[in-house]
Amino acid sequence: MTTTVGVSLKMYFGHDQAIEWCERVAIVARDHAAVQSGAVELFVIPSFVSIPGAVAALRGTPVIVGAQDLASADRGAFTGEVSGVELAELGVGVVEVGHAERRSLFGENEAVVASKAAAALRNGIAPVLCIGEEEQLEADAAADVCIAQLESALADAPAGRVIVAYEPVWAIGAAEPAAPAHIRAVCARLRTAIAHHDGRSGSIVIYGGSAGPGLLGTLGDDVDGLFLGRFAHDTDALRSVLDEAAAR
């Protein structure tokens, strides 16, 4: 069983700091037997401007470089946008789609999320499809909300691998993640839902939302990994999560 660990830097780092961080991650990846063997899959997502430097810093390692967003269109008069065509050309392997901040700050609705998921997949990039309930709900109700988001996002999307990132909005940036029993219940249903989609071989469900050390070991086989934020800015802390992933 492969365990996936992802890290998004959001806009916390400047360019030089992001590249220095990627260089440290490269050292961790080269030294980590489980990352080298493929037992643990690691992806990192810097800002757009740092993607080429991140690809260079991580060259020769198994680490996948991702992007935090992409345009719905592949080309045209879309000032300020970055297309999946460009990202694929740079070597990007994953891209965040539908993050709660994109939804709340930039008004991305379900139609926009679906168009971006399709753009990623038609360019051979795995969307890190971020879904989650806004209000704290019981697990079954939360799963119903998340599955509806999943089905909407992938209704007309091309075939390809999807990384479903379950991030309950109420837990993002909170002092504690959601309770392990809640995470397991929601993710188990999401895994069943994605498994029913044709052409989604290799798709997985990971958890984000104040994820940190010690959590992965409580989640059993219902969750395929973690999506980390500021905790992983310390590469020693990231290494500790990779160790936990390797021990599963």
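The values are calculated or read from the model by the stated rules, or taken from the named source; none is laboratory data. A quick note: this is a predicted structure, and the numbers were derived from the prediction, not measured. All Cβ positions, even for glycine, are placed from backbone atoms using ideal geometry, and neighbour counts span all protein chains on display.
General observations
- Residue in the stretch 2-22 that is in contact with a strand residue (DSSP E or B) (Cβ under 6 Å, 6 or more places away or on another chain), at pLDDT 95 or above, of a type outside the set (A, V, I, L, M, F, W, C) and over 19 Å from residue 213 (Cβ atoms) present: yes
- When the residues of the stretch 59-82 are filtered to those that are without any contact (Cβ under 8 Å) to a residue 40 or more places away in the chain and among the polar types (S, T, N, Q), the one that is surrounded by the most Cβ atoms within 10 Å (Cβ to Cβ) is 61.
- Of the residues in the stretch 35-46, not one is free of Cβ contacts under 8 Å to residues at least 40 places away in the same chain, under 28 Å from residue 113 (Cβ atoms) and surrounded by fewer than 22 Cβ atoms within 10 Å (Cβ to Cβ).
- Condition broken by residue 145, with the remaining ones in (1) farther than 30 Å from residue 81 by Cα; (2) touching a residue at least 12 places away in the same chain (Cβ under 8 Å) satisfied: (1)
- Selection count where residues are at positive phi and surrounded by 24 or more Cβ atoms within 10 Å (Cβ to Cβ), scope the stretch 210-248: 1
- In the stretch 193-209 there is no residue matching the filter, namely being charged (D, E, K, R), surrounded by 16 or more Cβ atoms within 10 Å (Cβ to Cβ) and touching a strand residue (DSSP E or B) at 6+ places or on another chain (Cβ under 9 Å).
- Among the residues of the stretch 1-50, those identified as under 18 Å from residue 225 (Cβ atoms), small (Gly, Ala, Ser) and in contact with a Ser or Thr (Cβ under 9 Å, 6 or more places away or on another chain) are 29, 34, 38, 39.
- Filter result (free of Cβ contacts under 8 Å to residues at least 40 places away in the same chain and either in a helix (DSSP H, G or I) or of a type in the set (Phe, Trp, Tyr) (or both)) within the stretch 179-209: 180, 184, 187, 188, 191, 192, 195
- Within the stretch 42-77, tally of residues that are acidic (Asp, Glu) and within 19 Å of the chain's Cα centre (by Cα): 1
- Considering the conditions (1) surrounded by fewer than 18 Cβ atoms within 10 Å (Cβ to Cβ); (2) free of Cβ contacts under 8 Å to residues at least 24 places away in the same chain, residue 135 is excluded by exactly one of them, (2).
- A Cβ distance below 8 Å, combined with a sequence gap of six or more or placement on separate chains, defines the contacts here; from the stretch 2-30, residues that are farther than 12 Å from residue 50 by Cβ reach residues that are among the aliphatic types (A, V, I, L, M) and in a loop (DSSP other than H, G, I, E, B) in the pairs 2/39; 3/39; 25/58; 25/63; 26/58; 26/63; 29/58; 29/63.
- Scope the stretch 19-28; condition surrounded by fewer than 22 Cβ atoms within 10 Å (Cβ to Cβ) and closer than 21 Å to residue 87 by Cβ; matching residues: 19, 26
- Whichever residue in the stretch 138-158 is out of contact with any strand residue (DSSP E or B) (no Cβ under 7 Å at 6 or more places or on another chain) and closer than 23 Å to residue 65 by Cβ and, among such residues, is surrounded by the most Cβ atoms within 10 Å (Cβ to Cβ): 157
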